[in-house]
1. Would you mind checking the tilt of helix 57-70 against the longest principal axis of the Cα atoms of the chain, expressed as 0 to 90 degrees and rounded to 10?
2. Select from segment 248-299 those trypsin sites (Lys or Arg not before Pro) which occupy a DSSP coil region and have at most 11 other Cβ atoms within 10 Å, ordered by residue number.
3. Picking from 66, 241, 369, which is most flexible by a Gaussian network model of the chain using Cα springs under 10 Å?
4. Put +1 on the Cβ of every Lys and Arg and -1 on every Asp and Glu Cβ in the chain; which of 185, 36, 252 then has its Cα farthest towards the positive end of the dipole?
5. With angles folded into 0 to 90 degrees, how steeply does helix 2-15 sit against the dominant principal axis of the chain? Use alpha carbons for both and round to 10.
6. Using a Gaussian network model of the chain with C-alpha springs under 10 Å, which one of 203, 193, 334 is most mobile by mean-square fluctuation?
7. So how exposed is residue 100, as accessible area in Å² (1.4 Å probe, rounded to 10)?
8. Could I have the simple spin-label model distance between residue 235 and residue 169, label points 7 Å from Cα toward Cβ, reported in nm to one decimal?
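The values are calculated or read from the model by the stated rules, or taken from the named source; none is laboratory data. All values reported here derive from a predicted model rather than from experimental measurement. Neighbour counts are summed over all protein chains in view; Cβ atoms, including those assigned to glycine, are modelled from backbone coordinates with ideal geometry. Heavy atoms of the whole protein, side chains included, go into the accessibility calculation; ligands, DNA and RNA do not. Shrake-Rupley method; radii C 1.70, N 1.55, O 1.52, S 1.80 Å.
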Amino acid sequence: MKLFLLFIIAFNMLFGAEVVKVGERFESSTKCKVCHKRIVEEWENSWHSKSHFAKDEYFAKSLKYVSRKSRKSLNAVKVQCATCHNPRISVTTTDEDYDIAAVMGLTKGDEVEQAVNSKAISEGINCVVCHSIAKIHDEYDKTKRGINRVEWTASGVMTGPYRDAKSPYHKVISHEFMNENPNKLCFVCHANDRALGGLVFTDMQSEFVGKKSCVDCHMGKKRRDVAATYQFNGKEKMRMVRHHGFKGGHTARMWKDALALKLKKVHNKLEITILNPQPHNIPSGFGSRELVLDVTYKKGFTILKEESISLTRRYMRKRNKPTIPHLATSQSKDESVRAHGKKVVKVALFKDANSVEVSLYYRLVNKEVRTLLDLKDEIWSKKSFITTSSISLK
Ligand code: HEC
Ligand code: HEC
Ligand code: HEC
Ligand code: HEC
Ligand code: HEC
């Protein structure tokens, strides 16, 4: 009996969070398309569908960088990051012995390798991640996120917003985190993102203010449409639904007017105020995002001088060497604009200028991290326009 208990303890240490296998009929979003076509297509265009390493260059290169610098095996790092990026993974932790075995080439084709390359996680954050959560443990320590914060429903049970839904394909249950309190669902992963050594580089939960919900802005307003095209008594049911695109920082047009600018001349300085009407900081969500202020000094139509100011955070490891957020042991001052707050930047006025134009942009990855990871796709360096303002100095 004692031996049996020991075995169970060891087993749990190796596998961490409880895994519930999702059956073939529910594993992939293509199975849902017959009845939820619109929703599946919206989701396919979202970044949740790209959270797997095969679909996101930045994530894939970060995994390799972390593995190389921390001397952990790539599979072990993949398992660790899957906590939030691929929560339906079948192995949820590995230990130091695994890394040793990996170096010795003893892990080829083993359970961990099968888990990280399995079809079950290839869709990233898909339907059976958000809709098969039975319980969110908000009482748990705030460091426990993703897989370690939830309990899964039995395979084929979908958690949804409606209290009276019936489906011929799957069971349904309703939950407060699908209707009254959806932020609880988002905070399962969008909170307390931390480096390997514990340094917290973003926490959308602690910075969040007000009563709005993430879904109000990132899934759009509720509107009338069908949730399923399946017909009951020859008719589809009309419902209040939202958009499953989860548009955010990666979509340039979302940035238009996300922040506001105010300019004021104070003695021989220009005071640039950035106002954030949103309920979370900007930048936020992940480290190494950037705001860029392009300042142009003019005399009439002639440009006298242009300067670019970067508002971003730097990440450091031992001996102040630059690194990526997940390996940082320290970080520079937080330059983000607080939720419902503002940030003031002062610049010296250029002699002879009689007007100044300031434009504000957003960038997904700052130059330091782009260089460290050798990111190639232009999406990471592209500037998304937010707003512009000018002032006459006459
Ligand atoms: C990141 C989490 C997340 C993912 C991934 C996700 N959903 Fe949802 N879904 C939600 C939330 C939250 C709601 C409730 C929205 C509301 O009404 O406020 C919802 C609502 C729904 C509804 C009710 C109708 C509606 O639009 O409100 C259906 C049906 C649904 N989802 C199916 C799917 C399918 C199918 C997929 C996979 C293609 C999917 N969802 C992926 C979070 C998610
Ligand atoms: C044969 C048709 C069919 C298939 C296939 C199907 N569903 Fe549904 N689903 C429905 C119907 C019908 C409803 C109820 C719609 C309503 O009441 O407006 C529903 C409702 C839902 C809801 C909302 C439940 C609630 O209580 O709010 C979710 C979430 C959902 N489905 C997810 C999925 C996922 C994920 C898949 C794929 C694994 C899937 N469905 C496959 C027919 C289907
Ligand atoms: C299981 C973890 C998880 C849950 C739950 C989750 N997200 Fe995400 N979300 C992620 C990850 C990981 C990414 C980054 C994917 C990538 O960029 O590859 C992401 C990306 C996003 C983005 C950025 C999209 C872009 O274009 O920049 C938005 C917005 C977002 N999620 C909103 C939400 C909302 C709203 C909810 C709650 C309804 C939610 N998420 C629930 C993990 C999650
Ligand atoms: C009042 C509307 C509003 C609400 C509520 C809201 N957001 Fe946002 N969020 C925005 C806007 C506007 C932006 C900037 C443009 C964009 O990316 O959509 C943004 C940006 C983001 C980004 C990218 C940030 C960056 O700097 O890279 C993420 C991730 C995100 N939101 C997640 C969330 C989550 C999670 C919640 C809930 C805890 C939430 N948002 C609530 C409006 C909102
Ligand atoms: C606590 C949950 C969580 C864990 C654990 C986690 N991430 Fe993430 N990660 C997120 C969320 C949520 C986002 C989306 C933030 C946004 O879009 O602003 C994200 C975004 C990212 C991005 C930016 C992707 C893009 O397209 O811009 C990278 C890179 C990344 N994570 C790397 C990692 C690595 C490497 C690990 C493991 C060492 C890891 N993450 C572990 C939650 C997590």
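1. 80 degrees
2. Answer by residue number: 256.
3. Looking only at 66, 241, 369, the biggest GNM fluctuation is shown by 241.
4. It is 252.
5. Between the helix axis and the principal axis of the chain, the angle is about 30 degrees.
6. Residue with maximal mean-square fluctuation among 203, 193, 334: 334.
7. We get 100 Å² for residue 100.
8. So the label points at residue 235 and residue 169 sit 2.3 nm apart.
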